[in-house]
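Please treat every number below as a calculation from the coordinates, not as lab data. A quick note: this is a predicted structure, and the numbers were derived from the prediction, not measured. Cβ placement follows ideal geometry from the backbone for every residue including glycine, while neighbour counts extend to all protein chains displayed.
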Amino acid sequence: MLLENVYREYTGKYQATKDLTDLDIEKAIIMHEGDSLPGFPSVDVFVYLITPELKKLQDPALDLLAECHLYIEQLAEEIAQKIFSRFPAVVNDIMEIVSKVLMENRDKTGKVVEAIIESEEGYLFTNDREYMEKCTDIVPADDQDGKEGAPRKASRNQSYVNEIRKRLDMYFKIIVRGIRDSVPKAIGFFLVNGIQEHIQYELYAEVNKNERMAETLGEPPEVTAERRTLNTSLDTMKKALKVLQRDPEITATLDYDDELSRDIKESLKEAKLQKEKASTPSPHPRGAPHRGGDMRSQHSDSSRLDMSNMSMASDNSQNRRGPPNVGQPQRPGPNHMQNSGAPQRRPAQGPI
């Protein structure tokens with residue numbers, strides 16, 4: 001809204017020459033009259049009369065810049081009050097940093113705005129089609145027969161006055177039309193966009209430099225302890241819900257939020273999958289025997305088979321011999337003598 005209202009008083013039916021009388025214009029023509037061809041008003045007359053009107057455009061531009069700067073500063077203060085509501089002691093320090101950045105960008109923007117106005121004052125130029133068609137004709141000179149001297153000169157001066165007045169009004173409207181766009185663009189680019197780009201970096205840098213501000217922005221110890229206690233209670237309640245969910249009767253009567261239920265189901269599902277993976281043996285390639293456990297199992301099975309066969313053979317031999325004689329000592333068999341560890345004696349041989 002501020003940018004739209006700039007130079008509004010100079011639009012519409014405003015005439016740049018409303019304060020100039022014909023006498024003022026004639027004085028300017030006489031003042032800058034020199035060796036000029038008839039029908040060509042001196043350009044110095046035009047510059048002399050348009051410069052005061054162009055100087056009027058500088059104050060509204062600077063006022064607009066000041067209003068934009070004030071509005072942005074007020075808006076920044078409101079935002080700081082909301083963001084740092086928990087730390088009211090820091091608001092003043094934050095606003096000092098913001099005001100510093102705002103002033104730097106305002107001064108830079110002010111130089112640009114002044115340069116725009118000075119360029120319009122210092123160099124007169126336009127490519128406006130309407131001006132080129134209506135204000136570039138040669139001023140006609142009145143050559144009336146029978147009239148010489150003062151009447152002819154007065155008529156020529158009046159033609160000059162009217163032509164200069166028309167050109168001043170039209171050129172001023174062209175300048176106002178262009179400057180109403182260029183000044184708001186300069187303010188928006190150098191002030192508004194400049195603050196948006198630099199304010200975050202400046203705040204971050206200044207806060208890190210100021211140790212007192214960093215300590216103030218830190219969380220109080222009691223708040224940290226309370227948060228830790230609440231997190232512990234929350235973890236305990238989640239674990240309790242997981243235990244309760246294992247019983248379908250209790251689970252049917254529980255009423256908790258969907259998010260917590262989903263977390264519990266996912267955790268139980270993951271635990272079940274891990275248990276299944278742990279109980280499932282690792283697969284082996286088809287046709288390749290396992291070198292470790294399979295060989296040992298085959299060896300143990302063959303040894304068990306040999307032992308069972310030996311026990312069956314001994315039982316059969318015992319059944320064929322019959323029951324042992326009770327009370328009679330058993331003679332050791334030849335196998336027993338051979339297997340015993342005592343040395344065997346050879347029978348003595350006499351002479352034959």
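What does the extension gain come out to for GLU77 and ASN210, with contour length at 0.36 nm per residue minus their alpha carbon separation?
In short, 45.9 nm is gained.
Between beta-carbons, use under 14 Å as the cut-off and find the net charge around GLU96, counting Lys and Arg +1, Asp and Glu -1.
Net charge in that neighbourhood comes out at -3.
Of the listed peptides 19-30, 3-14, what is their order by residue-averaged count of other C-beta atoms within 10 Å, with the highest listed first?
For the peptides 19-30, 3-14, the packing ranking is 19-30, 3-14.
So how do MET95, MET103 line up by other beta-carbon neighbours within 10 Å, fewest first?
Fewest to most other Cβ atoms nearby, the residues stand as MET103, MET95.
Sort PHE87, PHE125, PHE190 so that the residue with the fewest other Cβ atoms within 10 Å of its own Cβ comes first and the one with the most comes last.
Ranking PHE87, PHE125, PHE190 by Cβ neighbours within 10 Å, fewest first, gives PHE125, PHE87, PHE190.
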